[in-house]
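Worksheet for the structure shown next.
Coordinate-derived values only; no laboratory data. Because the structure is a prediction, the values reported are computed rather than measured. Cβ sites come from the backbone with ideal geometry, for glycine too, and all protein chains shown count toward neighbours.
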Amino acid sequence: MAATKDAPNILVIQLDQMTPGALPPYGHPLVKAPHIAGLADEGVVFENAYCNFPLCVPSRMSMLAGRHTSAIGQWDNAIELPASVPTLAHYLRTAGYHTVLCGKMHFIGPDQVHGFNERITTDIYPANFAWTPDWIVGERYRPTGINPRAVVEAGVCARSLQIDYDDEVEHAGIQKIYDLARFNKESPFLLWVSFTHPHSPFVTTRKYWDLYDHDTIDMPKVGPIPVEEQDAMSRMLHYGHAQDLLTITDDHVRNARHAYYGMTSYMDDKVGRILATLEEMDLAENTVVVLTADHGEMLGERGGWFKQYFYEPSTGVPLIVRAPGRYRPGRASELVSLVDLLPTFMDIATNGDAPEPASPLDGNSLTGLLNGGDSGWDNKVISEYTGEGVSAPCRLIRRDNYKYIYTHGHPPLLYDLDRDPLEIDNLAGRPETAEIEARLAAEIMQDYDPEAVNEACIQSQKERLFIQKATDGIPSWAYIARAGDDARYVRNASAVGAKAAARYPFVEPTPFER
């Protein structure tokens, strides 16, 4: 059957490392993103949406499986999702949907489709075990692209590896919309268009740089915190990102934020062209459009950069859902996360009659909130972190206005986000919040054993590092959609070298300070 009111098409547009605070629908007064703003005006904006792991691979696998990462062994950016784990693509296929993946999903291992009927582009990053962390050696800087050179070398380019990739994704995604409208008459579709911008490095073309007056670029709300005053997780990330090896000045910060805003506007233009194609092919009225990201970006807040932190700019994601005639435009303040997408899509696909899942899900359908209210909503999110840059399991719970951060073997953090949205005042250990802290400390450990997680991470790292060394990363498992994809983009090489070589004009890497 083709798409109907009871089984509409679903289009997901996913950005990478997009912090919601840098978008107009979330209150940014400077960033120019009119198409995303327009989508928000016509849709439901989730004001408190989170990723379940602030790193690409685990976040995406958790999202696809509808389960927390510790439940499916997704520890870091070089971990394989077992082919036996059902994904939302599998589920939607059982509901009669034709499922298409276009762009980045960062699958690791030989299964490079995980239930999608079609995958129409290659990926940008390694599909093998090249980026496996090593907690035994210790998480000092490793050349995976997460390092301060991306900040100090921020600026203008004519071309970059990420522009190459996202232009390819946009072209393939738009062509697929044309094809689905003309030739896909038998079933509704899920089309997932996933970009790599505005992921670091912070470079954009002159066209998008010039959209902004450099002198008006806003600086972080919270300045750098001395490393000796940082919490344990932040200290680990400080050294894991090699921030002790380069000096980041205010000029670097402003340049990086300027470029990030330019990259966001570049993405917005792509969103606009995709939405225009839906209209052109008479698909907009019966297509649910979802815009989101895999995680956020610190953008210099607290002196931090990239993702991986449990602070709001890193764990927060935009989530906007537009469905003309189905959901009234508005805003939802409830706490939601990416694991909620699978049950939501199944609810939409089956008109509220989704079958029992094949395995337990950690997410819940958002359709009640999309319809304007859900009095029984469990106002809680969980996020986890065991990836590069740290050397201990870390977990976050937010319930209502309180956020509790657990770092194994270290003191916890507790913030009241209503009173302290910038997360400056740690309430952990105070008598007046002892009852709240105890309750969250107990809740965060439900179905979670940090010692077992620690052992599982180290054992998995040993095995993957052994295999990577023994095979030299061959086969690379890179998905091949067209000739040469096995060598195009970042495969076994470091992201740092590949991205630097692809940037034009070339910028000589800044030497680390010793």
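Here are the numbers:
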read-out	value
Amide H contacts under 5 Å for PHE53, placed H, 5+ residues apart	GLU384
Rounded Å value of the spacing that divides the Cα centres of the stretch 312-381 and the stretch 442-500	30
Distance cut-off 15 Å, percentage of C-alpha pairs in the stretch 157-210 lying past it	58
Highest-first arrangement of 439-449, 259-269, where packing means the average Cβ count within 10 Å	259-269, 439-449
In nm, spacing of pseudo-spin labels at PHE183 and ILE136 (7 Å Cα→C-beta vector)	5.0
Reachable lysines from LYS32, criterion Cα separation under 22 angstrom, eight or more residues apart if same chain	LYS207, LYS221, LYS270
Spatial extent of the stretch 108-198: Rg and Dmax, with the Cα atoms as the point set, Å	17.9, 55
Protection proxy ranking of 351-360, 279-288, 382-391, 489-498 - average other beta-carbon atoms within 10 Å, highest first	382-391, 489-498, 279-288, 351-360
Computed label-point distance, nm, for sites THR4 and VAL227 using a 7 Å Cα→Cβ extension	6.2
Over 19 Å [Cα-Cα, the stretch 428-495], rounded percent	63
Mean shadow area of the stretch 339-461 over all directions, Cα convex hull, nm²	10.2
For the chain, size of Cβ-based charge dipole, Lys and Arg +1, Asp and Glu -1, in debye	1040
Solution diffusion estimate, µm²/s, Stokes-Einstein, the stretch 322-406, Kirkwood Rh from C-alpha pairs, 25 °C, viscosity 0.890 mPa s	165
Share of alpha-carbon pairs per 5 Å distance bin for the stretch 180-226, given as whole %	5, 11, 11, 15, 12, 10, 10, 9, 7, 6, 3, 1
Stokes-Einstein D in µm²/s, Kirkwood radius over Cα pairs - the stretch 20-82 at 4 °C with 1.567 mPa s viscosity	95
q = 0.12 Å⁻¹, the chain: log10 I(q)/I(0) [Debye, one scatterer per Cα]	-1.12
Among beta bridges that DSSP assigns inside the chain, antiparallel share in %, nearest 5	45
